[in-house]
Amino acid sequence: MKNSKFIIDKFAKLLEQGLITSKDLSSEILNIFKSKRDEFVFKMKLTSKDEFDILSKRVENLENKILKLETKKKKKARPAKRS
């Protein structure tokens, strides 16, 4: 409720001052939405796309290293010779 009242008050101030043009209005709306999005992302502790890509590459590299180590371990393990 407070957020909607905040937005309505912003638009009312812009109308009163007579500074409204289509460009000013659209940029103001975008700024409001961006700030709300940033608040939401901060509260949810989400990562950005760049961070996600970096983390997925790191996980992929670690999986590859694990596979290499497992294949090396299998190659080194030999059955005991029977006499």
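For region 39-58, name all the residues that are aliphatic (A, V, I, L, M) and surrounded by 10 or more Cβ atoms within 10 Å (Cβ to Cβ). Give the derivation first.
Filtering region 39-58 down to residues aliphatic (A, V, I, L, M) leaves 41, 44, 46, 54-55.
Result: Val41, Leu46, Ile54, Leu55.
The combined condition, being over 29 Å from Lys13 (Cα atoms) and not basic (Lys, Arg), is fulfilled by Ile54.
Only the coordinates and a few stated rules stand behind these numbers; no lab work does. The shown structure was predicted, so the numbers you read here are calculated from the model rather than taken from an experiment. Positions of Cβ are generated from backbone atoms using ideal geometry, with glycine treated the same way; all protein chains shown enter the neighbour counts.
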